[in-house]
Each structure stands twice: as C-alpha cells, then as structure tokens.
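The values are calculated or read from the model by the stated rules, or taken from the named source; none is laboratory data. Here the structure is a predicted model, which is why all the values come from computation and not from measurement. Cβ placement follows ideal geometry from the backbone for every residue including glycine, while neighbour counts extend to all protein chains displayed.
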Amino acid sequence: MRKPSSDKKISGQSAFREFLRERKPMLDDVRHTVYLWKKTPLALVGTVIICLFLLVALFAPLLAPYSPIATDLSRKLEAPSAAHPFGLDQFGRDVLSRVIMGTRIEVSIIVIISVISIVIGLIVGIVAGYFGGIIDEILMRITDIFLAFPRLVLAMAFAAALRPTLTNAIIAISLVEWTVYARLARAEAMKIRSQPYIEAIRAVGASNIKIMVFHVLPMSISPIIVQLTMRMGTIILTAASLGFLGLGAQPPLPEWGAIVSDGRSYLMNNWWITAFPGMAIAVTVLGFNLLGDGIRDILDPRIRR
Amino acid sequence: MELSSFILKRLILMVVVIFGVLIIVFVVTRIIPADPVGAILGGNAPPAAVDAMRHQLGLDKPIFMQLLDYLGGVLRGNFGNSLVSSRSVITDILEYLPATIELAISSIIFAVLLGTTLGLLSAVFRNRFIDHFSRVFSILGISLPGFWLGLILILFFYYRLGWLPSGGQYDMFLSPTRVTGLVLLDSVITGEWNVFFNAIKHLILPTFILGYSSTASIARIMRASMLDVLHQNYIRTARAKGLPKKTVILRHALRNALIPVVTIIGLEFGGLLSGAVLTETIFSWPGLGRYIVNSLLTLDYPAISGGTIFIALIYSVVNLVVDILYAALDPRMRA
C-alpha cells in the first residue's frame, strides 16, 4: 500500500521509482503473462485473427468493394474472378462484400448476447449464491429447467415463437446462454459471502444490495470474463446455425449462416456462395477458440509455474 | 449420502425440472404469434367455422384451463394432432425417433473410438507429429460449423466424386421391412443385405459430421487426462519394476485415464442432440431433429411441443444416468 503522507516529500523521479518498486510484483505478473502469451503460438494466432476480425468489422464499409445488397441479375452466379474474388450470388450480389459487411452483424451478435446473458446470469447467480437457502433452491431449479434442453433446440424454439428475425435470434440465444454465467456467479458468490470482510461490512450496516453490488459483483467478474472468451465461438456458431435454419437473420441481411443457407440450393455448380461465408465463420470461431484456450492455459497455475 | 438416497433425490429433482420444461414449452407454443386456426382453415374461413375450430382446439377456454388441459394431455402421452400431417404427434415422433437413435449411436461410437485413440496417441507421443495432427484436428472439430462442413463434404463426395449419397437413410427405390425402425438392425434381422450396405453408405457422412465435434472434445479430454496419469507415481513404479511400456500404457494408464472421458461422453450427448437438428437438416435424415425444424418453420405447435419435450426428456434421462454412474464410481460426487 502507498503511504500518501510520504508521497509529497519525494521528488518526481524518485516517486516514479518508488511507484515501480511498489508495483513490482504486479508488473512482473504482467510481464510474465506477456511472456507466456508469446510462448503460446496458438493463442497468438487467435489474437491476430480476432484483431483482424474486429478491424474488418470497424472498417467494413471502406473495405467492401461493392454494395452487399445491390443486385445485378444479368451477372448472377458468376464464378470468382479478380474483380469478384468470392464470386457473385444468385442475385448477382458480390459475395465478398456480403461477407465483409457480415462481420458487423457477427460483432453485434456477440456483444449484445454477451451483455444480456452476463447481466441476467450475474443477477440470478449472485442473488442465489449470496442469500442461499430457499431463494438459491428456486433460482437454481429454474436454471436447471433451462439446462434440461439441448441449447440449440431451446434457442430454436424461442426464436420461432418470437418470430424469426435477427433481433429475436439474439434474444433467444441470450435466454439460453445466461445459465452458464448464473452457475459461475453463484459459486463465486457462495465463496465470497462467507469471507470475514463481508461480515465486517455487514456489521458496519451495509445493506444486502450494497454488499452484492459493490463487494460480491466485482470479485466474481473475472472468472466470468474468462468463461466469456471461451463461449464467444459457440455464440457465433449458434447464431449462424439459427440463420442457416431460417430461424435467425432473414435475407437480404448478410448474416454468414443465412448466406450459407442461400448458397445451399446452388451448391453443385456455384460452390462459392456456400464455401466462403462458411470459411469466414470457421476462421472467426477458430480465432475465438484459440484465444480462449490460450487464456485458460495462461491463467492455469499448473502451466504458469 | 447413500447411493440410493442420492438417486431418489435426483429423481425428485428431475420431476420438478420436467414440470418446468412443460411450462416453458407451453408458454413458448402459446406466444407463437401466428393463429393456429388461420393455419388450419386458411385466411378466409367464415367466422362461425373459426369459432367452431377454436372451440374444438380448446382455444376459447381461459389460459389456465388450457394449461391444465395441456398438462393432462401430456401426462397421458397425448400431445394432440400435428397440424401438418394431422396424425397424432406421438405417432409421428415414434416414427422419426429411430432414425435419430441410429445416427446418434453410430456417431457416438465413431467419436469414442477415434477420440480416445487420438487422445491416447497424442499423450504418449507428446509434441511429435501425431500429437500436432490430433490437436489441429481437434481444434478444427470444435470450430468448423457442422452445417457448412456437411455441405462441403456433399460437394466433394457426392457432386464431384460420386462416391457417397447426398442424403436420406437409404436409396429411394429400396423399401426395407420395418421391424424396429433402426434400418441397419432391421436389414440384418430380415437378411436384406443390399439394404444394409446401402444404409451404411448413407450413414458415413452424417456420422462424421455429427460425431466430429464430440470426437474433438473426447480427444482433448483424453489427452489431458492421459498426460496427468502418465506422471503419476504408480506408472513410474510399473515402469521401474520392468514392465514393457506398452503394457504400462494399455493396462495401467489407459483404464484410469478413461474415467473423465466417461463423463464427457454423457455431456456430449446433449451436443449430439443439438447437432442432430443441423445434421438431419443437411442430409435430409428422417429423424426427430428435422421433424422439429420443420414443425418450427410451419408453426405446427402441437408438433413443436411434442418434439421439444421429447428431446428434453431424453436429454434429462441421459444426464441423470451419467450423474448416477458417476456417483457410483466416485462417492465424493454425492453431495
């Protein structure tokens, strides 16, 4: 801990040195993590893929050579060429431009689903773990009910019931995803609530809500973040699956799964409509999985040693 | 806790969960915005006919009474009639179920055999070629979208090479005798060997697509577990007392390394049911997954509720069996 009273007496340079000395364990930790990161080439590959994915999404309108929805029926189903590296689809739309613009849809899918499912999961999990007893029992049985369905099947049912659109697919997947975080947050909250400092805060007179928001929540967030990186690949796959089945994004939205589904009827002679967007899904999911694996390995104390 | 009371507690919990499942499915099928009466009679039916139909379907009762009717029906195994095939949903499900069972069984066998072998070789020959190959194969298995890979394989093996069929359980011109509904088993029973080999050919691609991601997970778990076991003292002891490496790996290490794999197989089953939905859609496989997709797309709500409840039931029972097996093997799990 820094002592604020002694700070004022030290000159700028020695204050900086003092700061470095005090933070050395933390800085060493960061340096060690970076070192491990470099030692894990697959995690590095994953990081590069995800950075590229985010950059493409950010600059999509600049990168896409043509409009993703402009049709040109006179040139429909044209094979890949220098002008159209991914070829043209059944309406003469440039497949590359559709894949590039699709990155924005995929990013928003990931971000929105992650936020919704983490918020629901944290609330349910922390309340259950913090209070325990009958509240825990009820909330966990509700979680079990959602877990009694295979994930995709439940997401499909929600998506169809709400009417298949991209927004509803996002809601449907969030309604399935939160269980992951609820269970994690509950376990963390149970660990934290029995700590002496929580007892102390309660003795001082803090309310339950205050303790949960300011003390339990911040402590339980890090395992959730780790889990999140591991789930992102699955989220994209689920969203693409819904799109493919016609229960997610609808044409002409360039969602990758929906484009693969578009190309299915033309598979025999016009493979590029199916092949390239599918490859985009594969590479992105691969990137997230490599990154997630890497983060797990780096945080694993057995490997850290 | 005694194993018997553990099982009893889990069974009671399962009843509670299944009740919740029924409620969720009821809510989902009732919020479907499309009007089922309109779907049956068409948009221009006279109001009197619409009212009669609403009465016949029980849609004019209060929602709570509808829930009771529905629960009563489900408990008697009656999900109502499909709006599309107008047969009883349970008849439909029993007709489609065997195809899914056949595909799931062949996929899990494929995944267990290939996954454990790859994981074992990967751990024993750590950082050698087979290890790198198996790790790349595994990470691709959990990353490639199955529905896309399936289409690409159809493109190569059906359209380009013509080696394998593109879908279905057997060729259209064959009409196998139905005994159990499992085509492979039936064809062996009746001795229709042409059907048997035809069905095998149709099974290859769907089995690979459905089993691939499970293969990948099993190989990853197997590798980690095997590496763990190989560092144990008793393995060193076994080697030190002069047993050949092969014996130590196959007789001492493998058996212990398989325990975590048993759990993952149970967990993979849920993924398999989800995957079956996509695999069956791509390969026109006449199973429960495709039945559910079709009923969702046509808003056939009795079929949706029947299909999803059935899938949830199978999934819960499998999970229960895995938990019980695990508790029997490891008393610490009976908490």
Answer from B:278, B:313 - the residue that is closer than 30 Å to residue B:171 by Cβ and within 10 Å of chain A (Cβ to nearest Cβ): B:278
Test set (1) buried (at least 24 other Cβ atoms within 10 Å of the Cβ); (2) without any contact (Cβ under 8 Å) to a residue 24 or more places away in the chain; (3) within 21 Å of the chain's Cα centre (by Cα) - residue A:157 fails condition number: (3)
Residue A:177 vs. criteria closer than 18 Å to residue A:114 by Cβ and charged (D, E, K, R): yes
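Residue-by-condition table, conditions (1) at pLDDT 90 or above; (2) exposed (fewer than 11 other Cβ atoms within 10 Å of the Cβ); (3) in a helix (DSSP H, G or I):
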position: A:179; (1), (2), (3): yes, no, yes
position: A:184; (1), (2), (3): yes, no, yes
position: A:191; (1), (2), (3): no, no, yes
position: A:206; (1), (2), (3): no, no, no
position: A:219; (1), (2), (3): no, no, yes
position: A:222; (1), (2), (3): no, no, yes
Per-region count, the stretch A:243-274, residues closer than 29 Å to residue A:161 by Cα, assigned to a helix (DSSP H, G or I) and either more than 10 Å from every other protein chain (Cβ to nearest Cβ) or not aliphatic (A, V, I, L, M) (or both): 12
Given (1) buried (at least 22 other Cβ atoms within 10 Å of the Cβ); (2) in contact (Cβ under 8 Å) with a residue 24 or more places away in the chain; (3) within 30 Å of residue A:232 (Cα to Cα), index of the condition residue B:142 fails: (1)
Count of residues meeting criterion [aliphatic (A, V, I, L, M), over 21 Å from residue A:145 (Cβ atoms) and modelled with pLDDT of 70 or more] in the stretch B:22-75: 9
Residue in the stretch B:234-246 that is within 14 Å of chain A (Cβ to nearest Cβ) and either at pLDDT 90 or above or in a helix (DSSP H, G or I) (or both) present: no
Qualifying residue in the stretch A:111-132 (condition: outside any helix (DSSP H, G or I) and within 14 Å of another protein chain (Cβ to nearest Cβ)): no
Pairs, first free of Cβ contacts under 8 Å to residues at least 24 places away in the same chain and facing chain A (nearest Cβ under 9 Å) in the stretch B:149-161, second polar (S, T, N, Q) and assigned to a helix (DSSP H, G or I), C-beta under 8 Å, six or more apart: B:152/A:274; B:155/A:274
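Residue-wise test of (1) among the aliphatic types (A, V, I, L, M); (2) under 22 Å from residue B:27 (Cβ atoms); (3) within 14 Å of chain B (Cβ to nearest Cβ); (4) within 23 Å of the chain's Cα centre (by Cα).
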| position | (1), (2), (3), (4) |
| --- | --- |
| A:176 | yes, yes, yes, yes |
| A:179 | no, yes, yes, yes |
| A:187 | yes, no, yes, yes |
| A:194 | no, no, no, no |
| A:201 | yes, no, no, no |
| A:208 | no, no, no, no |
| A:219 | yes, no, no, yes |
| A:222 | no, no, no, yes |
| A:234 | no, no, yes, yes |
Failed criterion for residue A:91 (all others in (1) under 26 Å from the mean Cα position of the chain (by Cα); (2) part of a loop (DSSP other than H, G, I, E, B); (3) of a type in the set (A, V, I, L, M, F, W, C) hold): (1)
